[in-house]
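Here is the structure we will look at, set down as structure tokens.
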Amino acid sequence: MTHPAPRRTVLLVTGAAALAAGCGGGSGGDGSSASEGTPSAGPSGGRELAKTSDIPVGGGKVFADRKVVVTQPAQGEFKAFSAICTHQGCTVATVAGGTINCPCHGSEFRITDGSVARGPASRPLPAERITVQGDSIERA
């Protein structure tokens, strides 16, 4: 003889399934730093990350879904680095005040070369290859 599952069990199982589904498809954050309306490429890259006008001079933009951060240290000079912090593997979240900032433990990296501006990270962010053609920034 089977007994129907109590309502509490059904709610717990349903809630756990929804939580698991929500955790698995993410952009590594609230999505506000990811590029919107920009086609994404497969693992080999090659498609547009952003328009040059999307990247502020003296700042940058984190593309958490692509695990890359693009900066523009000076007008027309674009750099790209891994968006994965070298301290403990968190995804960096913001670019402000000339640094790429990790929310997990406060590490900061310079937008010019990815070097450590403030620890606890002790290694720079690895450079990523990009190409700029016209007003388009693409992963190389």
Please give the length that would be gained between residue 96 and residue 112 if that part of the chain were fully extended, namely 0.36 nm times their separation in residues minus their C-alpha to C-alpha distance (nm, one decimal). 4.5 nm
What FRET efficiency would be calculated for the residue pair residue 136, residue 104, taking the C-beta separation as r and a Förster radius of 41 Å, to the nearest 0.05? 0.80
In this structure, the FRET efficiency calculated for residue 67 and residue 122 from their beta-carbon separation, with R0 = 22 Å, to the nearest 0.05, is 0.60
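Values quoted throughout were computed directly from the atomic coordinates according to the rules given, and no laboratory measurement underlies them. Predicted model only: the values in this text are computed from it and were never measured. Neighbour counts are summed over all protein chains in view; Cβ atoms, including those assigned to glycine, are modelled from backbone coordinates with ideal geometry.
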